[in-house]
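Take this structure, written in structure tokens, and hold onto it; I'll ask about it next.
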């Protein structure tokens, strides 16, 4: 999964340096970029039939999701919408003991959504070798586990990794008969993993996107999918809360703040923070936002970044806070100090939301753009840097252990979606097809520069940031407590732990998202 993502290396085009017009807009959600697959002509392909978005549109409110029962309970919408702003407003208050504001407890009588979960994510969180995976999943030399789809998928990947093509073709056909995009979590995930395995077999990953004929959904449809994902699970809200809380706390006493967002999307993350800054004791600061976005993205062209400026202008006028917006349609690897226009006297906050894993590292590019970008940001002396990433180990792993890691990670994600939307809901099908499937296929089928989904575990990010000269900025215990309360509105199976200075959001026994802050 990604959030307003996919810059780095574009798979359908080669990246090229982009000369920014350095346009500045003075003023007084796409959460995820996703692609629709039209795969092989097989009628069993999960990418062959797009689904309608039902009645959802880009402006859909939480109350329009009938299946999300707790959003229809009195007080729930107010609670969910104001959680971020309450955090940030509290962190902007004068230095004194922080207490939980009114309304931060779940509405009276509200419980988590009904739990009808069909699949338990398996095993431990971190794996280092094929041997460890084999023990963990019970993989053996015989085919006794083939009736289990999870085991069958592993056998498919094992056969492909061993270049046992005849065996692979036979196993894949058996797997195709068991998968379903309206089935239980492993059946739905299996549908996309089978497509990834077949794509790898046919093209070795190098031409995956040409083979799948990726087409971007219509704007209103894509925004609907992203809005559904934002509402039905807490992954994006968690990232926003953790990052905004750290920025609010670090910049609470500054009169001029410059936020550099390496994935601005539609600017959704900053709306509540700006409202909190506007209400700050002593008056609002001057806020400058540099919004970076992929210049070839459908939502970075035309009026997309202009739309962000209009949204910020509306916030500025409504809450009486001076905002300056600087749109920067540039690939992340080509962002320079000069383009960011850092000015003396500003408190600089840099935000990396589900984006840095798209940057190639030393295993792909001898110039190591991933670490190079971190060093460039460090040279700007930011007051705080926020990092939100998937807690998964798919960067440098070989194909088979990478497949197993993806199977474990996305099994937990698909399982969690069952907690909020019925399996036959078109909204859930569209979220999985348009917001998750692309990542899954990319992890499985692609190699080299064609593989942009290169997730790392937090301990590796911590090592990279430390080597770049950063030290960890402590996350707020208050933010932790508010997020923990928010998770109860979704499911008791969500977990939140503090580890090595980061917050880790998980589902059952699997950590899924890490959030940390640095300076």
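The values are calculated or read from the model by the stated rules, or taken from the named source; none is laboratory data. Bear in mind the structure is a predicted one, so any value in this text is a computation, not a measurement. Positions of Cβ are backbone-derived with ideal geometry, glycine not excepted, and every protein chain shown enters the neighbour counts.
Can you tell me which residue among 173, 231, 167, 218 is modelled with pLDDT under 90 and surrounded by fewer than 18 Cβ atoms within 10 Å (Cβ to Cβ)?
218
I would also like to ask the following. For the stretch 387-456, which fully contained helices (runs of 4 or more DSSP H) count at least 1 residues that are in contact with a strand residue (DSSP E or B) (Cβ under 7 Å, 6 or more places away or on another chain) and buried (at least 24 other Cβ atoms within 10 Å of the Cβ)?
399-417
On to the next question. Any residue that is modelled with pLDDT of 95 or more and within 24 Å of residue 416 (Cβ to Cβ) - is there at least one of those in the stretch 463-482?
No, the stretch 463-482 has no match at all.
Is it the case that the stretch 482-490 has a residue that's more than 12 Å from residue 501 (Cβ to Cβ), part of a loop (DSSP other than H, G, I, E, B) and out of contact with any strand residue (DSSP E or B) (no Cβ under 9 Å at 6 or more places or on another chain)?
Taking every residue of the stretch 482-490 in turn, at least one turns out to be more than 12 Å from residue 501 (Cβ to Cβ), part of a loop (DSSP other than H, G, I, E, B) and out of contact with any strand residue (DSSP E or B) (no Cβ under 9 Å at 6 or more places or on another chain).
Please verify whether the stretch 495-509 includes one or more residues that are closer than 19 Å to residue 370 by Cα and surrounded by 18 or more Cβ atoms within 10 Å (Cβ to Cβ).
No, there is no match, as no residue in the stretch 495-509 is closer than 19 Å to residue 370 by Cα and surrounded by 18 or more Cβ atoms within 10 Å (Cβ to Cβ).
When the residues of the stretch 467-480 are filtered to those that are within 22 Å of the chain's Cα centre (by Cα) and part of a helix (DSSP H, G or I), which remaining residue is surrounded by the most Cβ atoms within 10 Å (Cβ to Cβ)?
479
Here are some residues: 309, 283. Which one is touching a strand residue (DSSP E or B) at 6+ places or on another chain (Cβ under 7 Å) and more than 30 Å from residue 396 (Cβ to Cβ)?
None of the others qualify; the one that does is 309.
Against the definition (modelled with pLDDT of 95 or more and either surrounded by fewer than 23 Cβ atoms within 10 Å (Cβ to Cβ) or on the phi > 0 side of the Ramachandran plot (or both)), how does residue 261 come out, yes or no?
Against the criterion (modelled with pLDDT of 95 or more and either surrounded by fewer than 23 Cβ atoms within 10 Å (Cβ to Cβ) or on the phi > 0 side of the Ramachandran plot (or both)), residue 261 does not qualify.
Moving to a separate point now. Tell me which residues, restricted to the stretch 158-171, are within 20 Å of residue 408 (Cβ to Cβ) and touching a helix residue (DSSP H, G or I) at 6+ places or on another chain (Cβ under 6 Å).
159, 160, 161, 171, listed by residue number.
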